[in-house]
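What follows is a single structure, written as structure tokens, with notes after it.
The values are calculated or read from the model by the stated rules, or taken from the named source; none is laboratory data. Bear in mind that the values here come from a model prediction, so they are computed numbers and not experimental data. Note that we place each Cβ from the backbone using ideal geometry, even for glycine, and neighbour counts take in every protein chain shown. To get the accessible areas, we keep the full protein, side chains included, count just its heavy atoms, and leave off ligands, DNA and RNA. Shrake-Rupley method; radii C 1.70, N 1.55, O 1.52, S 1.80 Å.
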Amino acid sequence: MDNRPIGFFDSGIGGVTSIPYIMKMLPEERIIFYGDTARTPYGSKSPDTIQEFSAQIADFLVKKDVKMIVIACNTVSSVAIPMLRERYPDIPIVGCITPTAKEVSKIAKEGAKIGIIATRGTVNAGVYKKRIEELRSDVNVFSKACPALVPLIEEGLVDHEIMDMTVKYYLDDFIKENDIETLVLGCTHYPLIKKSISKIYPELEIFSSSKEVAKAVEMELKARDMLAEKKEGKDEFYASDLSETFVELIEKILGQEKDELKIGFEDLDI
Ligand code: DGL
């Protein structure tokens with residue numbers, strides 16, 4: 001049993017999409033989230049920069065005495081997990097990619113054509129393709145970087161026609177040319193536009209890394225006997241740039257008013 005909070009982080013708002021799953025699966029857990037909204041997007045930054053930013057955020061979460069660090073960002077998960085595990089060998093660190101790749105590999109039909117959509121950083125790292133193909137040699141994995149999606153989502157343009165146009169711009173040819181049947185949302189921002197994707201491509205089976213990371217957290221806490229017995233205090237959401245859109249999107253994703261949560265600006269010790 002461990003009643004300390006779980007620390008989550010992302011480059012911005014995206015990582016919040018895994019939190020409703022945690023709240024439902026593990027209602028006694030308290031959450032501390034950090035979104036690096038001042039420096040988002042990470043997807044087109046170099047691995048060195050992403051590692052540097054991630055270390056700063058992990059240090060912030062560790063000072064808040066979290067019992068686990070959840071990297072609710074595929075881009076960071078692609079390039080920074082070994083560095084973070086070395087920095088904090090005694091804190092369990094859960095990333096997005098391995099849990100999602102395992103689930104997709106378990107469920108994919110024989111010969112399935114699987115599309116991964118993600119940031120440029122995640123696609124360039126090639127970790128999704130490698131993990132899935134290690135587990136299933138009979139499937140084909142295709143990847144597509146969609147770099148304009150995260151900035152539009154951070155702007156709150158999730159239900160706007162510009163989003164539908166951008167989705168089509170990236171996905172029309174990708175889906176048609178590769179006969180994609182299964183689509184992996186390999187960026188935690190993308191569940192916010194899942195409706196838009198499903199509306200345009202209703203035949204696609206869609207997997208979300210946000211849900212899989214939440215399931216991995218539950219499994220890891222159970223295995224280590226670290227589940228909380230009682231939620232002590234409010235969930236906390238911090239951002240390096242506390243914009244109105246950040247607060248509005250948190251309210252929308254969690255279905256809670258901002259007064260029910262602790263939301264604040266927090267500068268990192270840089
Ligand atoms: N949510 C992050 C991810 O899962 C977005 C990265 C970005 O900031 O570009 O990759």
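Restricting attention to the stretch 18-33, the residues that are under 15 Å from the mean Cα position of the chain (by Cα) and either over 25 Å from ASP225 (Cα atoms) or part of a loop (DSSP other than H, G, I, E, B) (or both) total 0. If you go through the stretch 9-39 and keep only what is β-branched (Val, Ile, Thr) and more than 9 Å from the ligand (Cβ to nearest atom), you end up with VAL16, ILE19, ILE22, ILE31, ILE32, THR37.
Residues that are away from the ligand (no atom under 16 Å from the Cβ), farther than 30 Å from TYR34 by Cβ and touching a residue at least 24 places away in the same chain (Cβ under 8 Å): list the helices (runs of 4 or more DSSP H) wholly contained in the stretch 101-198 that include at least 1 such residues. It would help to see each step written out before you state the result.
Numbers: elements: 120-125, 127-135, 149-154, 161-178.
Because the criterion is at least 1 residues that are away from the ligand (no atom under 16 Å from the Cβ), farther than 30 Å from TYR34 by Cβ and touching a residue at least 24 places away in the same chain (Cβ under 8 Å), the helices (runs of 4 or more DSSP H) in the stretch 101-198 that meet it are 127-135, 161-178.
Among all positions in the stretch 199-217, there is at least one residue which is farther than 25 Å from PHE60 by Cα, buried (at least 19 other Cβ atoms within 10 Å of the Cβ) and touching a helix residue (DSSP H, G or I) at 6+ places or on another chain (Cβ under 7 Å). Per the listing TYR42, TYR88, the residue uniquely hydroxyl-bearing (Ser, Thr, Tyr), at pLDDT 95 or above and more than 11 Å from the ligand (Cβ to nearest atom) is TYR88. With respect to (1) open to solvent by 50 Å² or more (accessible area, probe 1.4 Å); (2) touching a helix residue (DSSP H, G or I) at 6+ places or on another chain (Cβ under 7 Å), the lone exception for PRO99 is condition (1).
Select from the stretch 143-173 the residues that are open to solvent by 60 Å² or more (accessible area, probe 1.4 Å) and hydrophobic (A, V, I, L, M, F, W, C) and write down the one among them that is nearest to ILE114 (Cα to Cα). Taking the candidates together, the pick is MET165.
What about SER54, is it hydroxyl-bearing (Ser, Thr, Tyr), surrounded by 23 or more Cβ atoms within 10 Å (Cβ to Cβ) and at pLDDT 95 or above?
Working: hydroxyl-bearing (Ser, Thr, Tyr): yes; surrounded by 23 or more Cβ atoms within 10 Å (Cβ to Cβ): yes; at pLDDT 95 or above: yes.
For SER54, the condition - hydroxyl-bearing (Ser, Thr, Tyr), surrounded by 23 or more Cβ atoms within 10 Å (Cβ to Cβ) and at pLDDT 95 or above - is met.
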